[in-house]
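The values are calculated or read from the model by the stated rules, or taken from the named source; none is laboratory data. Fair warning: this is a prediction, and the values are worked out from it, not measured in the lab. Note: ideal-geometry Cβ built from the backbone for every residue, glycine included; neighbour counts use all protein chains shown.
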């Protein structure tokens with residue numbers, strides 16, 4: 001075995017790979033294989049790492065998938081630094097992993113997959129953020145044809161408007177199941193009553209939807225709720241709603257982002273961080289990226305260099321960012337920061 005892709009092939013498992021960190025998003029086996037072979041950069045870098053969930057499922061076992069959470073280091077071009085991955089493969093071999101002989105793993109392979117010392121003190125292992133983990137499990141249940149969690153029905157009834165339920169009865173996994181389900185009835189109910197829901201329900205719903213799961217029909221409601229949160233000076237709710245909105249690929253979001261970038265009062269560090277973290281794909285635009293970089297450079301509380309460095313690891317943004325940094329006018333905030341970094 002030379003790569004993790006080799007291991008997955010030998011395992012004979014149904015495999016689901018997902019990026020974590022910047023976004024909870026499915027990753028194809030071909031994309032992961034090209035990344036491991038250092039032919040392509042990681043599509044969704046986060047803090048200089050490729051955070052990936054590797055879920056392996058054997059239907060015949062009637063068990064939950066085995067999931068590895070791995071954080072693989074990237075070089076300056078977003079390509080895999082293979083040494084850490086190779087050390088993990090050596091660890092697998094040391095523990096006695098053997099290829100499966102059939103559609104289910106043999107005892108040796110199964111033991112390796114479940115042994116705690118495989119991940120214990122493993123420099124590649126990481127613990128996903130709580131909302132991302134809940135959303136991942138909801139998606140994997142659907143991917144592998146498993147039932148939703150025991151909390152799903154309660155969450156659905158509450159979101160549909162069951163007056164006999166209290167929000168404190170809800171669990172995060174139930175909300176994640178409903179976000180992943182994209183039930184038209186639930187979406188319709190949210191368009192009508194999102195602004196009346198308790199803050200403690202709106203916030204986790206936003207943190208779950210920010211990974212591309214905000215329904216198109218709900219976007220105008222999220223935008224209006226942002227306006228009201230701003231009037232209340234509720235910064236946390238405003239930023240949560242913004243992140244949920246930015247996670248969508250809908251073209252309307254880009255137009256709304258233009259309006260946000262034009263608003264001097266919205267250029268706080270939290271708002272800029274939300275745009276970089278969840279709205280990077282809206283920066284693939286002729287003028288929007290430059291405006292964002294200038295706003296970021298002008299904000300004294302923003303972590304300009306780490307944010308720009310991480311954005312520049314995203315394949316489609318790397319060249320435009322480098323060009324804008326080189327061509328920044330000397331008298332602009334961006335140009336001054338670039339000159340300071342070169343002195």
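Structure values in brief
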{"item": "Whichever residue in segment 42-77 is within 13 Å of residue 310 (Cβ to Cβ) and touching a strand residue (DSSP E or B) at 6+ places or on another chain (Cβ under 7 Å) and, among such residues, is surrounded by the fewest Cβ atoms within 10 Å (Cβ to Cβ)", "result": "48"}
{"item": "Residues (farther than 19 Å from residue 2 by Cα and either at pLDDT below 85 or in a loop (DSSP other than H, G, I, E, B) (or both)) located in segment 54-100", "result": "58, 59, 60, 61, 62, 63, 64, 65, 75, 76, 77, 78"}
{"item": "The lone exception for residue 276 - which of (1) more than 21 Å from residue 129 (Cα to Cα); (2) under 19 Å from the mean Cα position of the chain (by Cα); (3) crowded, with 19+ Cβ neighbours inside 10 Å it fails", "result": "(1)"}
{"item": "Odd one out for residue 315 among (1) within 20 Å of the chain's Cα centre (by Cα); (2) more than 26 Å from residue 206 (Cα to Cα); (3) without any contact (Cβ under 8 Å) to a residue 40 or more places away in the chain", "result": "(3)"}
{"item": "Selected residue (criterion: farthest from residue 138 (Cα to Cα)) from residues of segment 3-29 that are in contact (Cβ under 8 Å) with a residue 60 or more places away in the chain and out of contact with any strand residue (DSSP E or B) (no Cβ under 8 Å at 6 or more places or on another chain)", "result": "3"}
{"item": "Residue ranges of helices (runs of 4 or more DSSP H) in segment 228-322 with at least 3 members closer than 19 Å to residue 46 by Cα and assigned by TED's automatic domain parsing to the domain that holds residue 337", "result": "235-246, 269-278, 288-298, 304-312"}
